[in-house]
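Peer 1: Before anything else, here's the structure in question.
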Amino acid sequence: MGSFATVFVSEGRGGVVLKQIKDPCKDAVAMLMKEHDDLLTLNSVCGGSSEFFQLPRAHGSYTDYYSFAQEVGIQRTEDMGLPPHALYVMQRIWPVSHWLATRIRDLFLPKPFSDQPPPQLLARLYLGNGTSRQGSRFVNTENFPLSADRIERLGLPADKIAAGMGQMLASINFKAGRDGRDIEFVLCGHPENPLSKVPFYECIDFNQMRPHGGSAIVIVSSMVSNDPYYPRPWSPQWQAFADTYLATAAEANESPLGQDVLQKIPRSVKADQ
């Protein structure tokens, strides 16, 4: 569920989801189609099999649900009952494995959850938060926050995660020319084997991205206004992030802009922001 669109699983087609606008106004349709086209662009230049963070694949956009249903052969008896609004089809992001969700429940969720089955969740990777806030009665089990200390307690490779963030963000900045505003880095299930115990990492949510026009200020603004995914300059994982960010910028012949970005990141931003 998002602010302008809703994601539906297509029954019998479990590997893909439909992202459909809530309000069929012209601006919302344009935003949805832009997000699909941006994801296609990213698919062409980022998220290769050798990269730590992967991207969901875009599989086509449709002006209305009926066009999609007709193309894929959905009979009226199988109709999902969706409104006739614009949508696009993308690869499904699976929740973390039952095994890993159980560990997250046992280590981090409050006592009322201990006797319940582990929740289906994505975990947001907040390396910009050194420690988690304790004592809150409110838990988001759909997008569970993993601060740096929680990532380490789970035995996940914090330095590799930081390096992967640097690689992906730089690919978005310098190969796709986008600012990366409001993108998310999550721990999830493997798309080819959701039962696998092996952690899988994806970068998602691209509807706020814009071209940065070669401006380091625009890129930095997008970084620091986002949730605290990226390590801060004083974080133990900062060097791993910075090294791969600059290396990927060099691959795109954008070393000066990459260096300018890192130099402009405010040192005054709070780690727990």
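Peer 1: Tell me which residues come under 5 Å, amide H to amide H, from G60 once H is placed; ignore anything under 5 positions away on its chain.
Peer 2: Result for G60 returns V89.
Peer 1: Right, something else. Compute the distribution of all C-alpha to C-alpha distances in the chain, in bins of 10 Å from 0, and list the percent of pairs in each, rounded to whole numbers.
Peer 2: So the P(r) values, bin by bin, are 7, 28, 33, 24, 8, 1.
Peer 1: Would you work out which of S61, G73, T41 lies farthest towards the positive end of the dipole of region 33-77, given +1 charges on the beta-carbon of Lys and Arg and -1 on that of Asp and Glu, about the Cα centre?
Peer 2: G73
Peer 1: Full extension from L40 to Q259: what is 0.36 nm times the residue separation minus their Cα-Cα distance, to one decimal in nm?
Peer 2: Numbers: separation 219, 0.36 × 219 = 78.84 nm, distance 2.73 nm.
Once the chain is fully extended between L40 and Q259, it gains 76.1 nm.
Peer 1: Subtracting the Cα-Cα distance from 0.36 nm times the residue separation, let me have the gained length for D27 to R210 in nm, one decimal. List each step's numbers first, then the result.
Peer 2: Values: separation 183, 0.36 × 183 = 65.88 nm, distance 1.54 nm.
This chain segment gains 64.3 nm when fully extended.
Peer 1: What are the aspartates and glutamates whose alpha-carbon lies under 14 Å from the alpha-carbon of K264, with same-chain residues fewer than 8 places away excluded?
Peer 2: Qualifying aspartates and glutamates at Cα under 14 Å: none.
Peer 1: Could you tell me what percent of the accessible area of region 156-273 is made up of carbon and sulfur, with a 1.4 Å probe and every protein chain present? Write down the numbers at each step before the final one.
Peer 2: Details: 2510 of 4910 Å².
It is 51 percent, rounded to a whole number.
Peer 1: Within straight cross-link reach of K197, meaning Cα distance under 28 Å, which lysines are found once same-chain residues fewer than 8 apart are removed?
Peer 2: Correct list for K197: K19, K111, K160.
Peer 1: Could you run the Karplus curve 6.51 cos²θ - 1.76 cosθ + 1.60 with θ = phi - 60° over region 220-231 and give me ³J(HN,Hα) per residue in whole Hz, x for Gly and Pro?
Peer 2: Going residue by residue, I get 5, 4, 5, 5, 7, 7, 6, 4, x, 6, 7, x Hz, with x marking Gly and Pro.
Peer 1: Toward the positive end of the charge dipole of the chain, about the Cα centre and with charges on Cβ (Lys, Arg +1; Asp, Glu -1), which of T131, C188, Q20 goes farthest?
Peer 2: The Cα lying farthest towards the positive end belongs to T131.
Peer 1: Magnitude of the Cβ-charge dipole of region 219-268, K/R +1 and D/E -1, about the Cα centre, nearest 20 debye?
Peer 2: Details: 3 positive and 5 negative charges, 51 e Å.
Result for region 219-268 is approximately 240 debye, rounded to the nearest 20.
Peer 1: Evaluate E = 1/(1 + (r/R0)^6) for V7 and E152, where r is the Cβ-Cβ distance and R0 equals 25 Å; express this FRET efficiency to the nearest 0.05.
Peer 2: Numbers: r = 31 Å, r/R0 = 1.23.
Once the sixth-power term is evaluated, E becomes 0.20.
Peer 1: Treat every Asp and Glu Cβ in the chain as -1 and every Lys and Arg Cβ as +1, leave all other atoms uncharged, and give the resulting dipole magnitude about the Cα centre to the nearest 20 debye. Each step should come with its number before you reach the end.
Peer 2: Numbers: 26 positive and 29 negative charges, 133 e Å.
For the chain, the charge dipole is close to 640 debye.
Peer 1: Now, a different point. Taking amide H atoms as placed 1.01 Å from N in the peptide plane, list the residues 5 or more away in sequence, or in a different chain, whose amide H sits under 5 Å from that of Y126.
Peer 2: So Y126 has HN proximity to L146, S147.
The values are calculated or read from the model by the stated rules, or taken from the named source; none is laboratory data. The structure presented is a predicted model; accordingly, all values stated were derived computationally and were not measured. Here Cβ is always computed from backbone atoms with ideal geometry, including for glycine, and neighbour counts include all displayed protein chains. Remember, those area values only see protein heavy atoms, side chains included, never the ligands or the DNA or RNA. Shrake-Rupley method; radii C 1.70, N 1.55, O 1.52, S 1.80 Å.
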